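Participant: There's a structure below that I have some questions on.
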Amino acid sequence: MTTKYDNQNSDKSMKASWYEAAKGGAVVAGVFSVIILGLLVLNYLQKELLDPVRAERLENLKVTLIEQPKNEQLINTIRELDLQLRKDKIRRLQFSQKGGLLLLGAVGVFLIGIKSAKAFKAKLPHPTAVTDQQARQIRQAILARWVTVASLAVLVLAVLFFINTPPIDFAGAVSSYLSDEEIAKNWASFRGPQGSGISAYTNIPTKWDGKSGESIIWKTAVPLPGHNSPVVWGDRVFLTGANKQKRQVYCFDAISGKLLWQADMINPASAADKTLDMYEDTGYAASTVATDGRRVCAIFPTGDVGCFDFEGKKLWSRNLGTPDSMYGYASSLAMYQNLLLIQYDQATADDNKSKMIALDTFSGATVWETKRPVPGSWTSPIVIKIGGQSQLITCAEPWVIAYNPSNGVELWRVECLGTDVAPSPIYAGGLIFGIHSYNSLVAIKPTGQGDVTKTHIAWKAADNIPDICSPVSNGKLIFLLESYGKLTCYNVSDGTKLWEEDLKTSFTSSPSLVGDRLYLLSEKGIMSIAKVGSEYTEVAKSSLGEKCYASPAFSDGRIYIRGVENLYCIGDKN
Amino acid sequence: MLRFGHISICIFISIVLCGVVFGAERFPPPDFDESGHELPSTDYITNITPRHTIYNYLDVAVLVAALSLSSWFVLKKRSRRSVFILMVFSLVYFGFWRKGCICPIGAIQNFSLSIFDHNYALSVTAILFLILPLIFTLFFGRTFCAGVCPLGAIQDLVVLRPIKVPSWLESSLRLFAYIYLAAAILFAATGSAFIICRYDLFISFFRLSGHLNMLILGCCFLVIGMFVARPYCRFICPYGVILRQLSRLSKWKVTITPDDCIKCKLCEDSCPFGAITKPTVEWPQIGYTKSRKLLALLILLLPVLIFLGGFGGSSLNRSWSRMHATVRLAERIYLENQGLLSETTDASSAFRATGEPIEDLYDQASVIRKQFKFGGWLLGSFIGLVAGLKLIIPSIRRQRTDFQADSASCLACGRCFKYCPKEQVRLKSLSEKQEIADDDKI
Ligand code: SF4
């Protein structure tokens, strides 16, 4: 016969055995969890430490492949490494998923075990006697208030901390783009402000000699060749240079001439274009860079376009696809607010490949693209302001087309140009001037909408029309320079030819205007300086002693000229 | 001997690292640029068909059933075991099966947004999920917290060795929940963010994936939850703040004893959430006038705190407003344009690619900042009010004669029932009645 006492004893011993079982289960599950955990951590560390190293190796190999596109062994190594990386990633992912589930399960079993063990050894309540309940009540009330006060103090500190974060006031932020004054003070793109070729400064030297070093502040060799012109912002001068293999952007210190940095334009997507053969007169770096004072953007005939900050760090780069250009791509870049404007004319009009592209200078993202009904051209776009409204002016056969630079919507167009257009347009005396190479100078009233050919051509002139050099004008007179040296002056208002002068030398560089003086840089590197007036009056002649194809850039008291090998800074040495 | 402390440390490390493991990222698609390979369609991502409406109604039906059962188990059946089983079911259904969405806590935000943004359509399911637990709380106390909320359930399961948080500390820590509630409403109402969902500590467990930081934070909370029972429910949950106040008004409240309290003290330490209030003794007469003066002073301080809170909240409008994507983007664009940041983000690049005028973006951001200025006043005033009341309440001298489950703090878990001798008597008589009934049947 079993007594109540026996029952209690067997109950106790059963509880004890259940307790042991639960405890044992918890221990086993705990140990199991730790083992899985160790394996998972190992897996995670491999992913975190090993994979990035191999991924970097893969990226480096891919960059090497750009240099050696036909290296079969390299291609195989890349393939194998890529496959291995992917396989490992999948394996690790699966391992971590399954392991994680297993770990959760094990932790669950552990919890059940430990809770059960606790239940089988439940402690009986031990009510305690409080000696001074009154004092306890009062103490608790006081503490509750003080802790609330402390919490409030923490909140106040948090408020003070966050209030002190530097404010960003959008109200004053509307003018965050370059002002017209800033643009006018610098030489931010091909032929300076509005692509006019007019210097904002009149204190530009007229006399120098490259051989003796007279007035040559500095002269620095440019690593790679290029026909593009210098661009100047503050104390920085920018150029590009390229050959078949490399495309580089250079930044020189305007004070000392030191090459501050050079940056390679590398785009994996343009690897195939390493074989691109360029027309010799154009070269591999004909397009002039553009800057907005914080970043400098460059484009190459391979279709590589990119932006660098003033310290040479690449912000972004893209490949727009190699332009199909007969003489090689040569259009320079223009900028408007945050937009990099690229006149991407190519092939024939029927190919429908030409377009105007606006990229965001900050990110390289395409903001707008507008198709152009034109074949390849070699002109550069200009951005001008007419009555507070900006216009982007482009020239290509047969159209002079104006766009709204902020959205690419066409404003007006005039049919007046012929094949192989190279001189860029200018805006002077309220008129746009486009040049039909060898054929005509066309003055256009930049208003209206749609095709205004019949209504907006102010006048046309046909004598001594250049094929390469862009014109320059002071608003009253416009000067044309033929590549074989004929300088012609027209009246802006009615197109009357006033005079012509044969300079008897060849020119590729476009003429510039400094105050009332014309600066004409010949291919031989001789700068003829003439007074603007009713006839040609040469006031000075200076020689660089090096061939020149690019147009000069002007800053306060200085002129920057790119020779075929060197970049010169000319000014008062003192 | 098995030491709980050691085990807990093991679990802590393992769960934290388990989170790390789940954080393993996906790898990028291969570069098939040159081979012309077309990547598989991602239509399955963009063309996800919405969940069938019937399942939404099923969710509501399950919610109603769970709330009813929970209330019945707690108030009528007084069975902790039943509540526990229901809690596990809710964890599985609302947590792992429904992946923690939709939940009444997050529905606060849907509701707030729908009030201020007329273009936002609030689903019937969201309304019901928000309101049903509130209605049940008004009648039966926090039975939602006891057996229906998956967030509460997952924490409840890990309670191992709960320590007692002193009531004065508990009350002050709870201030955070009020701030969280106010902030959640402000950010939702302004269309900035659903912070309750974004910073859901346990959703990563339910979905078996998630942001690494949230996984780690969730793990930390579970580890803390072993020693401080249900820390999220008590100190953070914004919905809990509303339920607290409603359950004060509830018609039927949880009682520790099924009968009269005999003040045996057996239950006094049984509640892991510190929700049992003890009988008070007479307040001392000494310093009575001083206490009354203090109370008067604190009452006078209340409007000052409300004003200062409002002022502080509105002053933070620029910081608050950064939660809104438009303001963040505008600030980023501003800094990039000023040359203070040289690199762009995906968002700023995408905006720039639209070609939209930056001034428009700045204008939108300014409008949002104004909304935050006004919202900051409301939020700050609310926090000032709560903090002021928290100063006043300890000065109010209340009399209690029994051991009671504090209706606001009691999560209706039913743990304390078995500690009451009267409950044991009730259970015994129940089982005796059952035996008699069984005999009768025979
Ligand atoms: S029912 Fe309420 S008072 Fe009782 S243990 Fe649960 S939470 Fe605490």
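Participant: Select the strands (runs of 3 or more DSSP E) contained entirely in region A:155-270, then report the ones holding at least 1 residues which are free of Cβ contacts under 8 Å to residues at least 12 places away in the same chain and open to solvent by 60 Å² or more (accessible area, probe 1.4 Å). Explain how you work it out, then say what you get.
Facilitator: Working: elements: A:216-221, A:231-233, A:236-242, A:247-253, A:259-264.
Per the criteria, no element qualifies.
Participant: Got a number for residues in region A:319-346 being more than 22 Å from A:PRO423 (Cα to Cα) and within 12 Å of chain B (Cβ to nearest Cβ)?
Facilitator: Taking region A:319-346 and keeping what is more than 22 Å from A:PRO423 (Cα to Cα), we get A:319-322, A:337-339.
If we keep only those that are within 12 Å of chain B (Cβ to nearest Cβ) as well, we get A:319, A:337-339.
The number of residues fulfilling the criteria is 4.
Matching residues to (1) open to solvent by 40 Å² or more (accessible area, probe 1.4 Å); (2) not hydrophobic (A, V, I, L, M, F, W, C):
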residue: A:SER528; (1), (2): no, yes
residue: A:GLY533; (1), (2): no, yes
residue: A:SER543; (1), (2): yes, yes
residue: A:PHE554; (1), (2): no, no
residue: A:ILE559; (1), (2): no, no
residue: A:ARG562; (1), (2): no, yes
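Participant: Considering only region A:66-88, I want to know if a residue exists there that is part of a helix (DSSP H, G or I), buried (at least 17 other Cβ atoms within 10 Å of the Cβ), within 11 Å of chain B (Cβ to nearest Cβ) and modelled with pLDDT under 85.
Facilitator: No: region A:66-88 contains no residue that is part of a helix (DSSP H, G or I), buried (at least 17 other Cβ atoms within 10 Å of the Cβ), within 11 Å of chain B (Cβ to nearest Cβ) and modelled with pLDDT under 85.
Participant: Spot the failing condition for B:ASN317; the list is (1) buried (at least 17 other Cβ atoms within 10 Å of the Cβ); (2) more than 8 Å from chain A (Cβ to nearest Cβ); (3) at pLDDT 90 or above, and only one is missed.
Facilitator: Condition not satisfied by B:ASN317: (3).
Participant: For the subset of region B:327-344 comprising residues that are more than 18 Å from B:ALA365 (Cα to Cα) and open to solvent by 50 Å² or more (accessible area, probe 1.4 Å), which member is nearest to the other protein chains (Cβ to nearest Cβ)? I'd like the intermediate steps shown before the answer.
Facilitator: Of the residues in region B:327-344, the ones more than 18 Å from B:ALA365 (Cα to Cα) are B:339-344.
After this cut, where a residue has to be open to solvent by 50 Å² or more (accessible area, probe 1.4 Å) as well, the list is B:340-341, B:343.
Working: B:LEU340: 10, B:LEU341: 9, B:GLU343: 7 Å.
That would be B:GLU343.
Participant: Shifting gears a bit: State whether one or more residues within region A:337-346 are open to solvent by 20 Å² or more (accessible area, probe 1.4 Å) and modelled with pLDDT of 90 or more.
Facilitator: Checked region A:337-346: no residue is open to solvent by 20 Å² or more (accessible area, probe 1.4 Å) and modelled with pLDDT of 90 or more.
Participant: Follow-up question, since we're still on this one. Just to be sure I understand, how many residues within region A:99-150 are surrounded by 14 or more Cβ atoms within 10 Å (Cβ to Cβ), of a type outside the set (A, V, I, L, M, F, W, C) and under 60 Å from the mean Cα position of the chain (by Cα)?
Facilitator: 5
Participant: Give me the residue from region B:191-204 that is touching a residue at least 12 places away in the same chain (Cβ under 8 Å) and open to solvent by 20 Å² or more (accessible area, probe 1.4 Å) and, out of that set, farthest from B:GLY313 (Cα to Cα).
Facilitator: Just the residues of region B:191-204 that are touching a residue at least 12 places away in the same chain (Cβ under 8 Å), to begin with: B:191-197, B:199-204.
Filter once more, keeping what is open to solvent by 20 Å² or more (accessible area, probe 1.4 Å): B:191, B:194, B:197, B:199, B:203.
Details: B:GLY191: 18, B:PHE194: 19, B:CYS197: 23, B:TYR199: 21, B:ILE203: 30 Å.
Result: B:ILE203.
Participant: Sticking with this one: Given the conditions (1) away from the ligand (no atom under 16 Å from the Cβ); (2) within 12 Å of chain A (Cβ to nearest Cβ); (3) modelled with pLDDT of 90 or more; (4) under 34 Å from the mean Cα position of the chain (by Cα), report the number of the one that B:ARG415 does not fulfil.
Facilitator: For B:ARG415, the exception is condition (1).
Participant: Just name the residue that is surrounded by the most Cβ atoms within 10 Å (Cβ to Cβ) out of those in region B:246-291 that are modelled with pLDDT under 90, within 13 Å of chain A (Cβ to nearest Cβ) and outside any loop (DSSP other than H, G, I, E, B).
Facilitator: Within region B:246-291, the match that is surrounded by the most Cβ atoms within 10 Å (Cβ to Cβ) is B:THR277.
Participant: Moving on to the next point. Restricting attention to region A:26-42, which residues are open to solvent by 30 Å² or more (accessible area, probe 1.4 Å) and either modelled with pLDDT of 85 or more or within 9 Å of A:PHE110 (Cβ to Cβ) (or both)? Break it down into steps so the answer makes sense when it comes.
Facilitator: Our first condition is that a residue be open to solvent by 30 Å² or more (accessible area, probe 1.4 Å); within region A:26-42, this holds for A:27-28, A:31-32, A:34-35, A:38-39, A:41-42.
Within region A:26-42, A:VAL27, A:VAL28, A:VAL31, A:PHE32, A:VAL34, A:ILE35, A:GLY38, A:LEU39, A:LEU42 meet the criteria.
Participant: State the number of residues belonging to region B:389-412 that are open to solvent by less than 40 Å² (accessible area, probe 1.4 Å) and within 11 Å of the ligand (Cβ to nearest atom). Show your work before the answer.
Facilitator: The initial filter retains those residues of region B:389-412 that are open to solvent by less than 40 Å² (accessible area, probe 1.4 Å), namely B:390-392, B:394-395, B:403, B:405, B:407-412.
Add one more test, that the residue is within 11 Å of the ligand (Cβ to nearest atom), and what stays is B:403, B:405, B:407-412.
Within region B:389-412, residues that are open to solvent by less than 40 Å² (accessible area, probe 1.4 Å) and within 11 Å of the ligand (Cβ to nearest atom) number 8.
Participant: Please give the strands (runs of 3 or more DSSP E) falling wholly within region A:363-431 in which 2 or more residues are surrounded by fewer than 24 Cβ atoms within 10 Å (Cβ to Cβ) and either in contact (Cβ under 8 Å) with a residue 40 or more places away in the chain or of a type in the set (D, E, K, R) (or both). I'd like the intermediate steps shown before the answer.
Facilitator: Working: elements: A:366-371, A:382-386, A:389-396, A:399-403, A:410-415, A:426-428.
Hits in region A:363-431: A:366-371, A:382-386, A:389-396, A:410-415, A:426-428.
The values are calculated or read from the model by the stated rules, or taken from the named source; none is laboratory data. What you see is a predicted model; the values in this text were computed from it and never measured. Glycine also receives a Cβ, built like all others from the backbone with ideal geometry; neighbour counts cover every protein chain displayed. Quick note on the areas: whole protein, heavy atoms, side chains included, nothing else; ligands and nucleic acids left out. Shrake-Rupley method; radii C 1.70, N 1.55, O 1.52, S 1.80 Å.
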